[in-house]
Amino acid sequence: MTRHWQDLSNTLALSSLYLRAVRKRKISGDTLPEIGLRCYLDVQSKQLESYRKLCHFGDDGRLPPTFPHVMAFALQMQLLTDKTFPFPLLGLVHLHNSIRVVRPLGGISRLRFSVYVDNLQAHEKGATCDLITEAEDALGLLWSETSRMLCRGVKLAGEPTASEAPADEPLEELTRWYADSDIGRRYAKVCGDYNPIHLSATSAKLFGFPTAIAHGMWTKAMTLAALRNHLPVSKYAFAVDFLKPVRLPSEVILNASPTAIEGQLRLDGHGGLVHMRGAWRQLD
C-alpha cells in the first residue's frame with residue numbers, strides 16, 4: 001500500500017472530533033484508508049505533571065512511556081473520525097496495545113507524530129485493524145505504538161487468525177491498587193478521552209456495560225509505573241492484551257515475573273477475573 005501523508009499544522013479541537021464521532025454510527029465499508037496524518041506536537045507541561053500524578057509516575061526527567069499516546073490522542077481521533085475510515089469510532093473495542101521505546105524519552109519538548117491504520121483482519125466477532133502511532137525527534141524514530149481495535153459486525157472474507165498464548169511463567173504479586181468510581185472522569189479530564197463507557201454507570205449502560213469501566217490505557221500506565229524498576233530506560237517493547245474490563249470501583253492485583261530483563265505480567269481482579277495479560281522484552 002502506498003501511504004498518502006497529510007501534514008497538519010495542528011489537530012482539530014477535541015470537541016469537533018467528538019461531534020464527528022457521534023454523527024457516524026454505521027459501518028461504511030471494509031477497506032482501510034491509505035491516508036496517514038502527521039503533525040508536530042508540543043509537550044504540555046501542566047498536562048504532563050497531572051498525568052504523572054494520576055498514573056503514579058515519578059518525575060525522573062523523562063516522559064512516561066505511555067505519555068506520547070496522550071500527546072497523540074487528538075491526532076488519532078482525527079484519523080479515526082475521518083470520512084475515509086470505514087468504522088464508527090464509538091463502539092470500537094481496544095483489544096491490544098504494544099509500545100516500543102527506542103531511545104530514552106528525556107529532554108523532549110516537541111515531537112513529530114505520524115498515525116495510520118493497517119493490518120485489517122477477520123475476527124470471530126467482526127474485524128480488527130491496527131492503529132499505528134510513531135513519534136520522531138531530530139534523530140529519527142524515538143517511540144511507537146500499535147493499538148489493535150475490534151469493530152463488531154464487519155464481514156470479511158477469510159478465517160479469523162488464531163493467536164498463540166505464551167506459556168505462563170511463575171509470577172509474583174508486585175502490588176495492588178484500588179480503581180475508584182471517578183477514575184474514568186479524572187483520566188478523561190487529563191487526557192481528553194471522554195468515551196462514555198468510562199464516565200458513569202448511566203452513560204456506560206447506553207453501550208451495554210452495567211457500570212463504568214476503567215480506561216485500558218490508564219490501567220497500562222499504572223502497570224508500567226509499578227514495573228519501572230523492572231524496565232530499562234530504552235530499547236524495550238511492552239505489550240498487553242486487554243481481557244475483562246475493570247469495573248469501577250474495584251481492586252486489582254498486579255502479578256509479574258521477578259526478572260528485570262524480560263518477563264510477563266497479569267492483572268487480576270477478585271473472583272478469578274483476569275483483566276490484562278502482557279509481557280516486556282528487550283529490543284535488538
Legend entry - Per-residue ³J(HN,Hα) for region 262-279, Karplus 6.51 cos²θ - 1.76 cosθ + 1.60, θ = phi - 60°, Hz, x for Gly and Pro: 9, x, 10, 9, 8, 9, 9, x, 8, x, x, 6, 10, 8, 7, 10, x, 7
Inset, instruction - Hand me the chymotrypsin sites (Phe, Trp or Tyr not before Pro) from region 204-272 located in a DSSP loop with no more than 16 other Cβ atoms within 10 Å, in residue order please. - result: Phe207
Inset, instruction - Note the listed values [x] 37, 21, 18; [y] 27, 24, 20; [z] 37, 34, 19, then indicate which one is semi-axes √(5λ) of the Cα gyration tensor in Å calculated from this particular structure. - result: [y]
Legend entry - Cβ-defined net charge surrounding Val246, 13 Å radius [Lys, Arg +1; Asp, Glu -1]: +1
Inset, instruction - Would you tally the net charge around Ser200, using a Cβ to Cβ cut-off of less than 15 Å, leaving Ser200 out, and scoring K and R as +1, D and E as -1? - result: +2
Legend entry - Over 31 Å between alpha carbons, listed pairs Lys26/Lys244; Lys83/Lys155; Lys125/Lys220; Lys189/Lys244; Lys24/Lys235: Lys24/Lys235
Inset, instruction - Beta carbons within 10 angstrom, averaged per residue: use that to sort the peptides 258-265, 5-12, highest first. - result: 258-265, 5-12
Inset, instruction - At 0.36 nm per residue, minus the direct Cα-Cα distance, what do His270 and Gln6 gain on full extension? Give it in nm, one decimal, please. - result: 90.4 nm
Legend entry - Heavy-atom accessible area order for Lys83, Lys24, largest first, 1.4 Å probe: Lys83, Lys24
Inset, instruction - Report the label-to-label distance for Asp118 and Arg228 in nanometres (one decimal), using points 7 Å from each Cα along the Cα→Cβ vector. - result: 3.2
Legend entry - Net lengthening on full extension, Arg103/Ser200 (0.36 nm per residue, minus Cα-Cα): 31.1 nm
Inset, instruction - Take the solvent-accessible surface of the protein heavy atoms, probe 1.4 Å, and return the percent of it on region 1-150 that carbon and sulfur atoms account for. - result: 49
Inset, instruction - Let me have the relative contact order for the chain, percent, based on Cα pairs under 8 Å that are six or more residues apart. - result: 17
Legend entry - In Å², nearest 10: area of Val93 left accessible to a 1.4 Å probe: 40
Legend entry - Percent accessible area from carbon and sulfur atoms, region 160-234, protein chains only, probe 1.4 Å: 53
Inset, instruction - Once you have the Cα-Cα distance between Ser15 and Ile253, take 0.36 nm times their residue separation minus that, and quote the gain in nm to one decimal. - result: 82.1 nm
Inset, instruction - Would you mind getting the accessible area per residue of region 146-256, heavy atoms of the protein chains only, 1.4 Å probe, in Å²? - result: 52
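The values are calculated or read from the model by the stated rules, or taken from the named source; none is laboratory data. Please read these numbers as outputs of a predicted model, since none were measured by experiment. Backbone-built Cβ (ideal geometry, glycine too); neighbour counts: all protein chains shown. These accessible areas exclude ligands, DNA and RNA; they are computed on the full protein's heavy atoms, side chains included. Shrake-Rupley method; radii C 1.70, N 1.55, O 1.52, S 1.80 Å.
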